[in-house]
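No value in this document is a laboratory result; all are computed from the given coordinates. Just so you know, these numbers come straight off a predicted model, no measurement behind them. Don't worry about glycine lacking a Cβ; one is built from the backbone with ideal geometry, like all the others, and counts go over all protein chains shown.
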Ligand code: IFG
């Protein structure tokens with residue numbers, strides 16, 4: 001017969017056992033580095049079963065006196081400070097610092113060819129975190145992994161309770177494609193510098209490295225060109241729906257370029273031509289073949305406008321615009337558009353595209369264009385952006401061009417998730433989160449294989465998207481999937497495994513205040 005005393009001893013023992021199992025279970029799962037929700041999925045992860053704990057005395061050490069590396073260290077410190085409440089300092093040290101710290105160091109030149117331009121090696125032990133890379137860009141990419149290895153609440157802007165654990169082990173990681181981007185159409189609806197910078201924060205978090213800005217179209221000219229001031233002043237002062245529009249002064253454009261540079265993101269500016277040019281044609285009568293300026297346009301039709309191919313002033317205009325834009329753009333590309341020139345005769349379009357390529361090259365930049373340009377004679381190093389017509393992509397490949405994959409039925413972020421989505425269009429497809437992920441750039445279209453693909457770009461056209469809140473709804477949760485397609489080998493990608501990691505990112509979206517579409521296809525792990 002068990003007496004009362006024995007009963008309470010048994011009860012206490014059972015409670016203790018349950019608690020022990022629970023604590024050790026949580027400690028165990030959190031110490032298996034390979035079970036993290038990092039996106040893009042790293043190439044190799046080796047778990048060693050313990051964890052490093054970020055503490056109030058943790059500092060970030062960088063090797064060497066380079067301002068750039070210190071800036072990267074400061075970027076990480078700023079990301080950790082608010083939520084931990086720790087005053088994390090950035091210091092320099094020639095050799096690995098004492099325990100409890102984070103150490104960023106560049107590898108001796110070409111000591112690790114596998115890491116390439118943007119790769120990194122992250123070694124996490126109980127004592128310290130060591131992040132190594134060939135280049136600063138690699139350190140910056142590795143920092144995003146550190147952020148994602150910490151609990152989601154690290155992204156909150158107010159002090160949270162710890163512990164701030166990171167599972168121990170080694171991650172060796174590097175991208176498949178060197179071009180992993182997003183396009184934002186700031187012409188149909190104008191977006192402020194702040195909104196563009198917020199989008200770049202998201203790109204940085206998922207290791208994407210290109211932001212393509214669609215700066216001109218029928219509804220708005222969005223970049224100041226000093227030699228043609230009416231383009232922005234007149235051509236920029238409305239948008240779809242008749243709102244006030246706007247434009248970036250050259251100073252503001254440079255602010256965007258610098259913000260991008262600090263995140264190892266390259267800006268690709270697009271001036272769409274000869275079609276999609278009503279904003280320019282409305283700003284200068286001389287650009288029109290009939291010498292009359294058009295009206296500003298606030299609808300969403302396409303294909304009705306064209307520059308006047310026969311007039312010399314058209315090429316002076318293009319040369320002035322490209323010259324000023326190239327001077328403001330450190331990146332290698334100028335995007336010349338070229339899409340949907342339905343009002344330009346084919347016999348005019350071809351020589352036009354040939355001339356414009358020469359202008360871009362004469363200004364020291366590489367030509368990027370929608371793959372419609374492939375009907376012209378493509379110069380060296382031209383990149384054709386595939387969006388809807390496979391024949392154009394094949395013609396571009398036949399001319400030796402690289403293909404940037406932006407298939408509208410997979411990677412157009414303005415496509416509705418399904419027919420219930422209030423925002424967006426569906427002319428190409430409804431694109432739910434799974435179909436945005438389940439495709440491969442090198443097998444999607446015939447005759448475009450691994451050797452032809454430069455990378456991937458998801459495009460957000462903004463006929464129906466008017467602000468940051470709506471932008472986030474269309475961009476998330478599909479963006480992490482495009483980032484993973486651009487970074488992780490396709491052999492490592494599988495929707496059923498990926499959707500679990502994406503579900504765990506929900507807490508991070510919430511912590512970052514992202515207005516994301518809670519797709520029913522994703523097993524969200526988000527505290528109510
Ligand atoms: N196609 C047009 C875009 C935009 C888009 C909306 C391209 C290259 C449809 N051109 O996509 O200007 O209107 O989904």
| remark: For 246-253, 46-53, ranked highest to lowest by mean beta-carbon neighbours within 10 Å, the order is 246-253, 46-53
| message | Relative contact order of the chain, please, whole-number percent, based on alpha carbon pairs below 8 angstrom and at least 6 residues apart. | response | 13
| field | Mean shadow area of the range 361-426, taken as a quarter of the surface of its Cα convex hull (nm²) | value | 5.3
| query | Based on the alpha-carbon gyration tensor of the range 132-204, what equivalent-ellipsoid semi-axes (square roots of 5 times the eigenvalues) come out, in whole Å, largest first? | reply | 28, 21, 9
| request: Indicate, rounded to the nearest 5 percent, the antiparallel portion of the DSSP beta bridges found entirely in the range 93-138. | output: 40
| query | If the viscosity is 0.692 mPa s and the temperature 37 °C, what translational diffusion coefficient in µm²/s does Stokes-Einstein give for the chain when Rh comes from Kirkwood over Cα pairs? | reply | 133
| remark: Between the Cα axis of helix 495-511 and the main Cα principal axis of the chain, the angle (0 to 90°, nearest 10) is 90
| remark: Placing each pseudo-label 7 Å from Cα in the direction of the beta carbon, residue 113 and residue 380 end up separated by a distance in nanometres of 2.5
| task | Could you tell me what percent of the DSSP beta bridges with both partners in the chain are antiparallel, to the nearest 5? | result | 30
| request: Using 0.36 nm per residue of separation minus the Cα-Cα distance, give me the extension gain between residue 32 and residue 451 in nm, one decimal. | output: 147.2 nm
| Tell me, what is the percent relative contact order of the range 198-295, built from C-alpha pairs under 8 Å that lie six or more residues apart? | 34
| message | What does the extension gain come out to for residue 289 and residue 348, with contour length at 0.36 nm per residue minus their alpha carbon separation? | response | 19.9 nm
| task | Calculate the tail of P(r) for the range 85-215: the fraction of all Cα-Cα distances greater than 18 Å, expressed in %. | result | 63
| Span from the the range 219-244 Cα centroid across to the the range 395-435 one, whole angstrom | 27
| message | Along each principal axis of its Cα atoms, how long is the range 475-528 end to end? Whole angstroms, biggest number first, please. | response | 35, 18, 15
| field | Crossing angle, helix 346-362 versus the chain [Cα axis fit, 0-90 degrees, rounded to tens] | value | 60
| query | Using every alpha carbon pair in the range 387-467, what percent of pairs falls into each 10 Å bin from 0 up to the bin containing the largest distance? | reply | 19, 46, 26, 9, 0
| query | P(r) tail for the range 295-447, what percent of Cα pairs lie past 20 Å? | reply | 57
| What is the Cα centroid distance between the range 495-525 and the range 258-318, reported in whole angstrom? | 39
| Stretch gain in nm, segment residue 226-residue 82, where the contour uses 0.36 nm per residue and the Cα spacing is subtracted | 47.7 nm
| Protection proxy ranking, peptides 483-489, 200-206, 420-426, average beta carbon neighbours within 10 Å, highest first | 483-489, 200-206, 420-426
| Whole-number D in µm² s⁻¹ for the range 210-259, Kirkwood Cα-pair radius fed into Stokes-Einstein, 10 °C, 1.306 mPa s | 142
| task | Rank-order 508-518, 122-132 by packing density, defined as the average count of other C-beta atoms within 10 Å over each peptide's residues, highest first. | result | 122-132, 508-518
| request: Note down the nm distance, to one decimal, between modelled labels 7 Å out along Cα→Cβ at residue 53 and at residue 521. | output: 4.2
| Once Rh for the range 294-360 is found with the Kirkwood sum over Cα pairs, what is the Stokes-Einstein diffusion coefficient at 4 °C and 1.567 mPa s, in µm²/s? | 96
| note | Taking Cα atoms only, helix 312-328 is inclined relative to the longest principal axis of the chain by an angle, in degrees rounded to 10, of 20
| query | For the range 388-528, what is Rg from Cα atoms divided by 2.2 N^0.38 Å, rounded to two decimals? | reply | 1.09
